Each structure stands twice: as structure tokens, then as C-alpha cells.
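Please read the structure below before turning to the comments.
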Amino acid sequence: MDDPAGMEGIGGCRAVAGNRQKGLLLSSALALGALAVAALLLGHRSVVASSARADAPQPLTAPGDVLCVVREGGGPYTGCTQVFTTVQAAADAARGGETIKIAGGAYTGVHCRPAPEGSGWSAEVITQLLYLSQTVVVRGGYTTANGFAEPPDPLAYPTVLDAEGQGRVVFITGTVTVTLESLDITGGNAAGLGSDEFGGDAGGGVYAATASLTITGARIYSNTTGGARGFGGGFYVIHCGRFDLLNSAVYSNAATGDYGFAGGGFAKCAGEVAVSGNTISGNRGEEGVEGAGAGGGGLVAGSQTRAIIHQNVIAGNEAAGPCGGLTVGGMGVTATAVSGNVISGNHAGYSGGGLCLWWKSYDVLIRDNVILRNRASVGFQRQGGGIFIDEGANVTLTNNVIAGNELVSGGQGAGVYVGCGQCSLIHNTIASNGGGDGSGLYVDALGGVVALTNTILVDHDNHWC
């Protein structure tokens, strides 16, 4: 098996930490005799140089080359420049601009790398199945039977990247552009691996910092943050140039610990965020102040430029804290559009069973969504069984159906809770929501101005308490 880093598995990661300690011992040994230490260093250098010559991948001559991965090796294959038996070996061969094609099958085995320098990492060494620091496309679903020919068929030849609970699945760093396509990403566990942002463990399935990332046609499932304070069980994307999540399934992931946030995934970028055509379901944010579904228990997404959340199904996610299904905005995020989604059957421990528009969000359009049978319960602050709108300005809800949502054991606004500074509700149907104080729509007296135009409010009660 290829191992360009020379450090397969958890044992190798312990060896890296041990090597750092050996470096300290070597420094102390200088006092024992310069000639002996010099001889030791020269001998060590020759061994390292020899090892590098043996293990280093062949350099590529140009971007655009196709690097193929198949567990059994073999070849040559018509569509491939080089062939590797591990995904990491192909990634290490890349110099930027390559496509990595992966044959169907299950790929396992984690390895370790030093954590990125100067980024406040709590872990010195990070463990993952695939470490990417170059601009590449990584695409699964191929077969050797036709020489890795296009197009791939991920249904017939699924490509599974499985970290088996031993580390993250994919780690991406640098100002690079990466596409992950037609891959199953599973078995990730970020326990003890840090996050570079909030001091916890983040991104069990995929972690990306400073990169522009597209995930398309993927399945991200059964990943966890693992630690006592977790962010983004399925994926965690931060400080990104751009993020696109397209036509993928994100399910059965968890953010764990006393502050489990964004069970399905978390993305906050300086550039545009687009989440379209996905199913985000059965994720959970455990315990703590803010665990949310679909990147909230399910998904948390925001952009300093523009965020588009369009035609997704966000269902059956659960948060111990607020925001069971989808969380958008927050911390001054602007220009967010949530349109054409079905947000159903999500559960929050308190505010925002289905959709949360978080603190200080501006210029937000919520349009043509069905927000159905979500629930907020248990916590001290039960507000917004369907939608919770926190502080913000210029928030518009148009042509939404908000029905059958529920508050359990008290609270206000079984359908919609509004706390924004300036909100407009136009052509919405808010119907058959129940529990709490019996209000379908609750407007915080300190929240500001709310204008209603052709909005139907009907059949709400407090019999679900």
C-alpha cells in the first residue's frame, strides 16, 4: 500500500508526536559533544534522504493530468496518467489542477500530518483518510472495466471513503479550490483534532479552512465530532472563498458534547454559499446551548456576501438546543435567500423547530417554502415551533406555507416567532399550528415593525401543551 507520508494509521500519529519529543532530547544532547551529535545528524539525514527518494511520488509535468486510484493497482488504463492504490498517494502526487478518479470500492486507513501552523490548533497532529492542499477534483464511481472512462456511475460502482472512526475522512487546507464528487464520506470522528475557530473538535466527515469547496453528488453519513465540544458532524467549512453543496445527501451525522453545534454541517464563508438540491435528514446536535439540525441539528449556513438555500429537503433533524432543522444568518451575515425548501419534522430543544434566522441577520428573503410539523420543546425558551426570527432587519417572508408546527410545554408563536427590527409577511399561509400561548404568529413587543399583506392566519390553538 502507498504511504507517501510514511506514517499510516494512529500508531504513525503517535510516532510523529514522539519524533517531536526526540527533537527536544537531541537539543539537550548537543551539550554532550559536538562531534558525536554531528555524526548522529549526518547519519539521520542520509536515512531520511534515502527514504524520501524511495517514497516520493513521481512529479507531474502539467496540470490537467488524470490520477487514478484502484485498490488492486494494475493498469495502464486508457484514461489515466498515473495509477495509485490509495487516495492519499494520488493526492500527494498532485501539483494543482489534476483530476483524481477513484474506482468503486471501500477505501480505509487513516494517516497523520502536522496540524497547519499559525492557526491556533489545539492538536499538534491531525488524523484523516485524505489530506488535500492542492487544487484538485476528486471524483468517485469509476470502474477499471472500461479504463476509468466517462461518465462515472456511482450507483453501480460506489466509492466509499471510510475513516472507521479513527479520524476525519477529508481535511482540506490552503487557498485552493477543491471539488468532491460522487463520493460516500463516512466513519469520520474528529475527537481531539481541534477546529481552528471555536476551540472544539470540528468536521468529522469533511473539514475545510480557507479553501473554496464544492461537494456534489455525495453522501455524507455516520460522521461525528466525537469530542466534548463539537461543531459540524458531517462537514465544517470556515473562512472559505466559496462553498457549494449540491445534489447530495447529508444524514445520520452528529455534533456531540456539552456544546454540540451543527450536527449535519456548518459553513460560513466570506464568499458565496450555495446549498441546493440536497436531502439533509436525521442529523443531531447533542446537548448544550446551540445544537441544531441540518447544520444546526441539520445545517448552519451563512455568508458575508450571499447565501442561497434552495430546493432542499431538510427533515427529521434534532437539536438539544435551538434550531432543529436549518439555521441561517447570524453575526452580521447579509443577503440570504431561503427558497423552495421543504423543512419538515425537525425538533429543537427550544426556539426554532424548523428554521432559525439567527442574531443580527440583514436582507433576508424566505420564499416559497413548506415548513411543516416541526416542534420546539423542553427548553426554557420555547419560541417559534416552525420559524424563529431573532434580531435583524429587512426580513421578508413571501408565499410560504407554515402549518402543523408545535410548541410543547409553553412558549410563544407556534407557527412563527418574530423578533426582527423590520419584517414583512406577504402572501403566506400560517395554519393549524398549536401549543404554547395558542398564537400562530407572535411578534415581540420590543422587536420593531412587522407588516402583514394578504397573509392567512387560521386555526391555531393551545391544546398541544
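The values are calculated or read from the model by the stated rules, or taken from the named source; none is laboratory data. What you are looking at is a predicted structure, and each value in this text was computed from that prediction instead of being measured. A quick note on method: Cβ atoms are made from the backbone with ideal geometry, for glycine too, and the neighbour counts reach across all protein chains shown.
Per-structure values
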quantity	calculated
Meets criteria (at positive phi and touching a residue at least 24 places away in the same chain (Cβ under 8 Å)) for G104	no
L397 under 25 Å from the mean Cα position of the chain (by Cα) and either over 15 Å from L326 (Cβ atoms) or not in a loop (DSSP other than H, G, I, E, B) (or both)	no
Members of region 65-90 found to be within 13 Å of R139 (Cβ to Cβ) and within 22 Å of the chain's Cα centre (by Cα), listed by number	V87
So T127, is it among the hydroxyl-bearing types (S, T, Y), under 29 Å from P63 (Cα atoms) and surrounded by 21 or more Cβ atoms within 10 Å (Cβ to Cβ)	yes
Residue check for D201: in the same structural domain as C80 (by TED's automatic domain parsing), surrounded by fewer than 24 Cβ atoms within 10 Å (Cβ to Cβ), charged (D, E, K, R) and more than 20 Å from F243 (Cα to Cα)	no
Residue in region 276-295 that is farther than 22 Å from N189 by Cα, at pLDDT below 90, surrounded by fewer than 22 Cβ atoms within 10 Å (Cβ to Cβ) and assigned by TED's automatic domain parsing to the domain that holds T186 present	no
Test result for G340, touching a strand residue (DSSP E or B) at 6+ places or on another chain (Cβ under 8 Å) and surrounded by 24 or more Cβ atoms within 10 Å (Cβ to Cβ)	no
Residue within region 406-426 that is in contact (Cβ under 8 Å) with a residue 12 or more places away in the chain, closer than 15 Å to A301 by Cβ, surrounded by fewer than 19 Cβ atoms within 10 Å (Cβ to Cβ) and not assigned by TED's automatic domain parsing to the domain that holds R284 present	no
Any hit, region 123-134, residues being of a type in the set (D, E, K, R) and outside any loop (DSSP other than H, G, I, E, B)	no
Criterion: crowded, with 24+ Cβ neighbours inside 10 Å, modelled with pLDDT of 85 or more and on the phi < 0 side of the Ramachandran plot - qualifying residue of L355, L372, L365	L355
